[in-house]
Amino acid sequence: MTGVTASDGSGASARGDGTARRRGRPPRTESAGTRDRILDAAREEFSARGYEKTSVRGIAKSAGVDSALVHHYFGTKEQVFQAAVEVAYAPAFAVRDTIFDGPVEEAGERMTRLIIGLWENPVTRAPLIAIVRSAVDNETAAGVFRRLIGDQLLRRVAGRLDVPDAELRAELAAAQLVGIAMIRYVIKVEPLASADPEQIIRRVAPVVQGHLTGH
């Protein structure tokens, strides 16, 4: 008779095929790998299906885990998406202070170079595209994206600007770069899609600088 389980007294149960099935939380050594696998699957699902059509069950299936584990690590689909955004934009959050690591009149070039660099790198570009596509398609996803980008990046950049309307200036600078990213990497409009990154940086950096500190 298959499917019958018997406890061995160690917190695991033996299935009819002789293999063990553990109950409760996964061991700590497995937790990090499982969490990362779920996040990788979530980014793939959000990229392929968008926020609306992605489900916790689909993420779990793609990650090769039970749906309960997705809820255990992250909670709701919205919380999974937020975690995916945080991971995808971690490099941008990490460099936000680097933008002002030098003369303020060169901040525009540093910001442009750093953001374009993230999009040029295939490793960081794929999750960024997944997140942006989901945010464009769904208001819930857009809300998560706005909160994180606003709190973790734009307000902190604005806090380093000793000018009036600092938050608006930071948002305009970000809008300039996000617009370029959308056209070049997501929509892939030519000739921008094939332009040399250094040419883009040379042309865009003065505009970004104007948003940040210009009058």
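The values are calculated or read from the model by the stated rules, or taken from the named source; none is laboratory data. None of these values were measured; they are calculated from a predicted model. Using ideal geometry, Cβ is built from the backbone for each residue, glycine included, and neighbour counts are taken over all protein chains shown. Remember, those area values only see protein heavy atoms, side chains included, never the ligands or the DNA or RNA. Shrake-Rupley method; radii C 1.70, N 1.55, O 1.52, S 1.80 Å.
Data for the structure
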{"read-out": "Region 161-210 - percent of accessible surface contributed by carbon and sulfur, probe 1.4 Å", "value": "59"}
{"read-out": "Region 172-215: trypsin sites (Lys or Arg not before Pro) falling in loop per DSSP and having at most 16 other Cβ within 10 Å", "value": "Lys188"}
{"read-out": "Spatially proximal aspartates and glutamates relative to Lys53 (Cα-Cα < 20 Å; intrachain offsets below 8 disregarded)", "value": "Asp40, Glu44, Glu45, Asp66, Glu78, Asp137, Glu139"}
